[in-house]
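Scroll down for the structure; my scribbles are underneath it.
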Amino acid sequence: MAIKLSDETQRHLISAIKRFFEEDMDENIGDLKALLPLEFFRKELGPSIYNTAISDAQTRLQDQINDLDVSCYEPEFNYWKR
(Lines give C-alpha, C1' and ligand atoms only; values in the text may rest on other atoms or scores of the structure.)
Protein backbone atom coordinates (compact mmCIF):
# COMPACT_ATOMS: atom_id res chain seq x y z
CA MET A 1 0.00 0.00 0.00
CA ALA A 2 1.49 3.31 -1.07
CA ILE A 3 1.70 5.90 1.66
CA LYS A 4 -0.07 9.06 0.58
CA LEU A 5 0.14 12.41 2.30
CA SER A 6 -2.54 15.05 2.17
CA ASP A 7 -1.59 18.32 0.50
CA GLU A 8 -1.73 20.06 3.88
CA THR A 9 0.56 17.47 5.49
CA GLN A 10 3.01 17.65 2.60
CA ARG A 11 3.12 21.46 2.81
CA HIS A 12 3.75 21.24 6.56
CA LEU A 13 6.53 18.68 6.12
CA ILE A 14 8.20 20.67 3.34
CA SER A 15 8.15 23.71 5.62
CA ALA A 16 9.63 21.65 8.46
CA ILE A 17 12.40 20.29 6.24
CA LYS A 18 13.25 23.79 4.99
CA ARG A 19 13.38 25.03 8.59
CA PHE A 20 15.58 22.11 9.61
CA PHE A 21 18.07 22.89 6.83
CA GLU A 22 18.03 26.58 7.70
CA GLU A 23 18.47 26.17 11.46
CA ASP A 24 20.57 23.03 11.73
CA MET A 25 22.51 22.98 8.47
CA ASP A 26 22.83 26.75 7.89
CA GLU A 27 21.49 26.34 4.36
CA ASN A 28 18.41 27.85 2.77
CA ILE A 29 16.66 25.48 0.39
CA GLY A 30 13.58 25.81 -1.77
CA ASP A 31 10.45 23.72 -1.93
CA LEU A 32 11.83 21.34 -4.57
CA LYS A 33 14.99 20.60 -2.59
CA ALA A 34 12.83 19.95 0.48
CA LEU A 35 10.43 17.74 -1.49
CA LEU A 36 13.20 15.43 -2.68
CA PRO A 37 14.24 14.14 0.78
CA LEU A 38 10.58 14.01 1.81
CA GLU A 39 9.79 11.71 -1.12
CA PHE A 40 12.87 9.60 -0.43
CA PHE A 41 11.94 9.10 3.24
CA ARG A 42 8.27 8.53 2.41
CA LYS A 43 9.20 5.76 -0.02
CA GLU A 44 12.17 4.30 1.88
CA LEU A 45 11.24 4.66 5.56
CA GLY A 46 7.48 5.04 5.33
CA PRO A 47 6.65 1.38 4.64
CA SER A 48 8.73 0.17 7.62
CA ILE A 49 7.03 2.63 9.95
CA TYR A 50 3.61 1.80 8.49
CA ASN A 51 4.14 -1.95 8.82
CA THR A 52 5.30 -1.56 12.42
CA ALA A 53 2.22 0.52 13.24
CA ILE A 54 -0.07 -2.11 11.68
CA SER A 55 1.67 -4.87 13.63
CA ASP A 56 1.33 -2.89 16.87
CA ALA A 57 -2.36 -2.29 16.18
CA GLN A 58 -2.93 -5.99 15.46
CA THR A 59 -1.22 -6.93 18.73
CA ARG A 60 -3.30 -4.41 20.67
CA LEU A 61 -6.54 -5.61 19.09
CA GLN A 62 -5.63 -9.26 19.71
CA ASP A 63 -4.92 -8.44 23.37
CA GLN A 64 -8.33 -6.79 23.67
CA ILE A 65 -10.02 -9.77 22.01
CA ASN A 66 -8.24 -12.13 24.41
CA ASP A 67 -9.55 -10.08 27.37
CA LEU A 68 -13.18 -10.17 26.20
CA ASP A 69 -14.02 -13.25 28.25
CA VAL A 70 -12.83 -11.48 31.40
CA SER A 71 -14.02 -7.92 30.81
CA CYS A 72 -17.40 -8.87 29.36
CA TYR A 73 -18.21 -11.93 31.46
CA GLU A 74 -21.62 -12.04 33.05
CA PRO A 75 -22.42 -14.80 35.57
CA GLU A 76 -25.21 -17.11 34.48
CA PHE A 77 -28.16 -18.37 36.47
CA ASN A 78 -27.68 -15.68 39.08
CA TYR A 79 -31.31 -14.70 39.74
CA TRP A 80 -31.94 -17.04 42.70
CA LYS A 81 -28.59 -16.30 44.33
CA ARG A 82 -29.71 -12.88 45.60
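Starting from the range 26-37, take each residue that is in a loop (DSSP other than H, G, I, E, B) and among the acidic types (Asp, Glu) and list its partners that are exposed (fewer than 13 other Cβ atoms within 10 Å of the Cβ) and modelled with pLDDT of 95 or more, counting only C-beta distances under 9 angstrom and pairs at least six apart or across chains.
Between residues of the range 26-37 that are in a loop (DSSP other than H, G, I, E, B) and among the acidic types (Asp, Glu) and residues that are exposed (fewer than 13 other Cβ atoms within 10 Å of the Cβ) and modelled with pLDDT of 95 or more, there is no close pair.
Does the range 39-48 contain at least one residue that is in contact with an Asp or Glu (Cβ under 8 Å, 6 or more places away or on another chain) and surrounded by 11 or more Cβ atoms within 10 Å (Cβ to Cβ)?
Within the range 39-48, none of the residues are in contact with an Asp or Glu (Cβ under 8 Å, 6 or more places away or on another chain) and surrounded by 11 or more Cβ atoms within 10 Å (Cβ to Cβ).
Among Tyr50, Tyr73, which is the only one that is of a type in the set (Ser, Thr, Tyr) and either on the phi > 0 side of the Ramachandran plot or in a helix (DSSP H, G or I) (or both)?
Tyr50
The values are calculated or read from the model by the stated rules, or taken from the named source; none is laboratory data. None of the values given here were measured: they were computed from a predicted structure. As a convention, Cβ positions derive from the backbone with ideal geometry for all residues, glycine included, and neighbour counts pool all protein chains shown.
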